[in-house]
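**Student:** Pasting a structure here, questions to come.
The values are calculated or read from the model by the stated rules, or taken from the named source; none is laboratory data. Every value quoted in this text rests on a predicted model; they were computed, and no experiment measured them. Quick reminder, even Gly has a Cβ in these numbers, built from the backbone with ideal geometry, and neighbours come from all protein chains shown.
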Amino acid sequence: MPKIEKHLENAILLMPEKDKNKLLIRLISKDVLLTAQLEHQLLGDDIIMIDRRNELLDDIEKISSKTHFNSPGYILMEMRSLSGLITYHYKVTKDKFGEVLLLSSLVIFFFYNQSSLLNQNMRDADTFAEYVVKKAIQVLNKVQKLHPDFHIELESAINEMLDYIYSYKPCEYFLKFHPLPRRFN
């Protein structure tokens, strides 16, 4: 972000309040993420954040259960798209617990709902396997930064995610380079 000159900053601060407010609103409206963050901070509450998290969880479950996938590569495309929505949710709400829950659920739902396709069609399986192993590493790194009380709430989901990864044959190769614990806590 470019830094403004000191003399311009002083001139802006001397502007009438009404003009500054108009300018501020125009500038904020140009940044979608900033607008969403301000809306959440100023108008939202924890209930709205949890509702958004649950909606995203429902979307992950619905998309992962669709039958139009024909290879792990197509599953991976959907997972990447949903991962972007999870990141956006986190950037807006700063919901660290929700981010870990959603990321682990992303892996779990796709393994659960697409297990027959993943096990019968090995085309693009390496790329998919590497992605889920790296996603698990990301989840484990993020959960370590949470308060230990949250670890108890997330333990079963993370362990289920790890079970799927360790039972999926194509992940074996990537687990050699990115070792994961078999169990969390």
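**Student:** Which ones in the stretch 140-157 are farther than 18 Å from SER105 by Cβ and assigned to a helix (DSSP H, G or I)?
**Tutor:** Result: GLN144, PRO148, ASP149.
Yes/no per residue for (1) modelled with pLDDT of 95 or more; (2) touching a helix residue (DSSP H, G or I) at 6+ places or on another chain (Cβ under 6 Å); (3) assigned to a helix (DSSP H, G or I):
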| residue | (1), (2), (3) |
| --- | --- |
| GLU130 | yes, yes, yes |
| GLN138 | yes, no, yes |
| ASN159 | yes, no, yes |
| TYR164 | yes, yes, yes |
| LYS169 | no, no, no |
| GLU172 | no, no, yes |
| ASN185 | no, yes, no |
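**Student:** Have a look at LEU33, LEU82, LEU57, LEU106 and point out the one that is under 19 Å from TYR131 (Cα atoms), touching a residue at least 40 places away in the same chain (Cβ under 8 Å), among the aliphatic types (A, V, I, L, M) and part of a helix (DSSP H, G or I).
**Tutor:** LEU106
**Student:** Count, please, the residues in the stretch 76-104 that happen to be among the polar types (S, T, N, Q) and surrounded by fewer than 21 Cβ atoms within 10 Å (Cβ to Cβ).
**Tutor:** 3
**Student:** Please go through the stretch 9-19 and give me each residue that is within 39 Å of the chain's Cα centre (by Cα) and either surrounded by 10 or more Cβ atoms within 10 Å (Cβ to Cβ) or polar (S, T, N, Q) (or both), ordered by number.
**Tutor:** GLU9, ILE12, ASP19, listed by residue number.
**Student:** Among the residues of the stretch 91-103, what is the count of those that are basic (Lys, Arg), assigned to a loop (DSSP other than H, G, I, E, B) and either in contact (Cβ under 8 Å) with a residue 12 or more places away in the chain or touching a Gly at 6+ places or on another chain (Cβ under 9 Å) (or both)?
**Tutor:** The total comes to 0.
**Student:** Another question, if that's okay. Would you mind stating whether GLN138 is within 18 Å of the chain's Cα centre (by Cα) and either exposed (fewer than 15 other Cβ atoms within 10 Å of the Cβ) or over 17 Å from MET77 (Cα atoms) (or both)?
**Tutor:** Answer is yes for this residue.
**Student:** May I ask you to list pairs of residues, at least six apart or on different chains, whose Cβ atoms are under 8 Å apart, with the first in the stretch 166-179 being surrounded by 12 or more Cβ atoms within 10 Å (Cβ to Cβ) and the second being assigned to a loop (DSSP other than H, G, I, E, B)?
**Tutor:** Correct list of pairs: TYR166/LEU180; TYR166/ARG182; PRO170/MET122.
**Student:** Restricting the search to the stretch 25-59, which residues are surrounded by fewer than 12 Cβ atoms within 10 Å (Cβ to Cβ), under 17 Å from LEU101 (Cβ atoms) and among the β-branched types (Val, Ile, Thr)?
**Tutor:** Answer for the stretch 25-59, where residues must be surrounded by fewer than 12 Cβ atoms within 10 Å (Cβ to Cβ), under 17 Å from LEU101 (Cβ atoms) and among the β-branched types (Val, Ile, Thr): just ILE47.
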